[in-house]
Amino acid sequence: MIIIISVVAALIIGILAGTVFLYNSGNRKIYSYIDSGSYAVAFKEIRELHESGENVDSLVMEFVNSCMEQKEYRRVVFAVPLLSDEGLSQNSDYLNEAARQMTDEGNTKQADELQSLINKTK
């Protein structure tokens, strides 16, 4: 009986460890998409995680940062709504600065859209 319980416990632990490994592998894959500039694929993966109930704040901010560096401002505006209220609040200073950068570079439409998203939680 003890052997059976031990085997079942080991199987459960193995399944949980595999799930965590796959989840982390999936995130690493998304980070590699971001790093390589495959923004459409990265955004699709991030959105799918968000829709499944995952907190994607760190992925979104990595995506936003990379898009800002590459001046992919439209993608920033698409990604910000995936932030949790807490994530939006924690990153509001960075996002406000991003909106200022967009404005300074003549991208006022995206800057206004981003500012509107930031202000929704205030």
Between GLU54 and SER32, how high is the FRET efficiency from 1/(1 + (r/R0)^6) when r is the Cβ-Cβ distance and R₀ = 25 Å? Nearest 0.05.
0.90
If I model a spin label at GLU69 and ASP104 as a point 7 Å from the Cα along the Cα→Cβ vector, what separation in nanometres do I get?
1.8 nm
Which cross-chain or sequence-distant (5 or more) residues have an amide H under 5 Å from the amide H of SER84, H modelled 1.01 Å from N in plane?
VAL56, ASP57
DSSP-assigned coil residues among trypsin sites (Lys or Arg not before Pro) in segment 32-91, each with at most 15 further Cβ atoms within 10 Å
LYS71
Over segment 32-122, what lengths in whole Å, largest first, do the semi-axes of the equivalent ellipsoid take, defined as the square roots of 5 times the eigenvalues of the alpha-carbon gyration tensor?
20, 16, 10
How large is ³J(HN,Hα), in whole Hz, for each residue of segment 77-84 in order, when computed from phi with the Karplus curve 6.51 cos²θ - 1.76 cosθ + 1.60 and θ = phi - 60°, using x for Gly and Pro?
4, 6, 7, 4, x, 7, 5, 5
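Each value in this text was obtained by applying a stated rule to the coordinates, not by laboratory testing. These numbers come from a predicted model, not from an experiment. Positions of Cβ are generated from backbone atoms using ideal geometry, with glycine treated the same way; all protein chains shown enter the neighbour counts.
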